[in-house]
Amino acid sequence: MKPGPASQAGGTRIWPRRTRAAAVVMLAAVPLVLLAWLFKTPGWGLAAGIALAAYLALTWQDLRRPTRRVVGAMLAIGWAAQLATGAAPDDLIRALSANAIVGVLIVACGLLAVPAASPRYVAELTRLVSGTEGRRPPLGRLALVFWTGHVLGALLNISALSVLLPALGGARARDGRLMRSLHRGFGLAGFWSPFYATVAIVLIAYPGAGWPGLLAATLPIIPAAFLLDMGAALRHGRTALARSVETAVPEDEAPLPSGPRRRGPSLWLAAGGLAALGIGLDLVMPGPTLVWVIVAALAAALIWMIWANGTAATWDRLIRPRLIGPPGMTLQANEIAVFAAAGPLAAGLAAILAPAAGSISAVADAMPLWLAILAVEFVIFGLSHLGVHPVASILLVAGALPAEVVAGREAVFAGASLAGYTLTLLASPFSVTGQVFASLTGASPWNQTVTRNIGYALLLALLAAFWLDIGAMALVGAIS
């Protein structure tokens, strides 16, 4: 029989040499990438690029076939365009490392899944969402699911689903309106959270925006998006709404009891501590916000794991390569590969689109700002329906917009790009988030995204366009 990826020998898990090497290279790349971002020197950038290239080579066989095609196309287009303009080999390597920081962010946030995936936290969220004996009013339960999914999703990223989904019960609970509110609340976290890789890409694409400016442009939209969801829920009628969020589930699908109290902080204390650490580091330390967000996530994950499991168990979890961000390094490898290839693609697209800058600028100046913002949103959203990864779409738009159009309005166009990305999460059958929620509800990806969310997504797009035009500029200016 052909051996699997790992075998047991005397109670010790033995991993293939290539997998162990990939884990070592990824862990070595983390400090190299952080140093490259802090000091911005060619040497550190080249070292980070070489480490990332080695990681991609070691994990290439683990990538899904569609990911290999996408990454291959992004690298080919980006590097071909750069070579046509006379780029040197070391320039190509540094282009690969340009977005390496995003791969480190994925690793840091993935580590949070290790302590978060605990029966104790499932029980904690079950009590919050369901209320005493599962009798929380339906509309109140929907509101709590929306905001719990949003807040935990913003702080723990995809790790939040490891505790949120079991807390909502079995398949019966996942087939109704409850999962729609969770999908919307969770998807909107990518609109602003610094723990999302797409936010990092947007801040790289629009360096003048800055995280405070981006918050001013996007955060005010979230309460209005929540009210839109609650309004949609009320349209079901009271009886239909109560039935769609029925709390009873079969015994074999109910969440496991929490059992004896385990070590570790409350889930909310852990998430709040992560946010406080990230903000505190950013306020007192020099350097890009993204670096301190990553440091905060790595430190919080390590402290949380040691607090909950002890030093020996934590070390055991860390040295097993495929547990670097469960459910496995191979899942992370797909995301890291796409974001790494985004660096060469961005440089190549900028070279390709540079001659058309004058025409694009003339068109942008001839239309109202809200209409230009709406165009940015729907270009990103529309490209997703052609199978284009949102990162490539965001970089394509950022590369196409001339500097004179964006100057002084970086936060607005960054917010427009994230609005387009959020529409993709909510209403594109090709988005990973939409496919995950479709698998959880038993619906087809088209039904889960387009059928259930397209009206909500279109209203959200209009709301974002008018806010970014009318109110965001004044608020960003006040903060600056």
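The values are calculated or read from the model by the stated rules, or taken from the named source; none is laboratory data. From a predicted model like this one, the values you see are computed outputs, not experimental measurements. Backbone-built Cβ (ideal geometry, glycine too); neighbour counts: all protein chains shown. With ligands, DNA and RNA removed, areas are computed over all heavy atoms of the protein, side chains included. Shrake-Rupley method; radii C 1.70, N 1.55, O 1.52, S 1.80 Å.
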**Asked** Does segment 400-420 contain any residue that is of a type in the set (A, V, I, L, M, F, W, C) and closer than 16 Å to GLY434 by Cβ?
**Response** no
**Request:** Give me the pairs, please: first residue somewhere in segment 418-442 and farther than 24 Å from LEU463 by Cα, second residue anywhere and open to solvent by 10 Å² or more (accessible area, probe 1.4 Å) and basic (Lys, Arg), beta-carbon distance under 7 Å, and either six or more positions apart or on two chains.
**Result:** LEU440/ARG174; THR441/ARG174
**Prompt:** When only residues in segment 120-161 that are within 22 Å of PHE195 (Cα to Cα) and at pLDDT below 75 count, which is most open to solvent (accessible area, probe 1.4 Å)?
**Reply:** ILE158
**Message:** Please count how many residues of segment 406-416 are open to solvent by less than 10 Å² (accessible area, probe 1.4 Å) and over 18 Å from PHE466 (Cα atoms).
**Reply:** 0
**Prompt:** Which is open to solvent by 30 Å² or more (accessible area, probe 1.4 Å) and at pLDDT 85 or above, of LEU227, LEU256, LEU214?
**Reply:** LEU227
**Item:** Residue that is over 21 Å from TRP211 (Cβ atoms), open to solvent by 20 Å² or more (accessible area, probe 1.4 Å) and part of a helix (DSSP H, G or I), where the choices are LEU426, LEU374
**Value:** LEU374
**Message:** Take the conditions at pLDDT below 75, open to solvent by 20 Å² or more (accessible area, probe 1.4 Å), within 27 Å of VAL114 (Cα to Cα) and assigned to a loop (DSSP other than H, G, I, E, B) and apply them to PRO286. Does it pass?
**Reply:** no
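A quick yes/no check of all residues on (1) touching a residue at least 60 places away in the same chain (Cβ under 8 Å); (2) surrounded by fewer than 16 Cβ atoms within 10 Å (Cβ to Cβ); (3) part of a helix (DSSP H, G or I):
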site	(1), (2), (3)
VAL33	yes, no, yes
TRP37	yes, no, yes
TRP44	no, no, yes
ALA57	no, yes, yes
**Fill in**
Note on segment 192-211: residues without any contact (Cβ under 8 Å) to a residue 60 or more places away in the chain and open to solvent by 10 Å² or more (accessible area, probe 1.4 Å) are TYR196
**Message:** Quick test for you: out of GLY434, GLY455, pick the one residue that is open to solvent by 30 Å² or more (accessible area, probe 1.4 Å) and of a type in the set (Gly, Ala, Ser).
**Reply:** GLY455
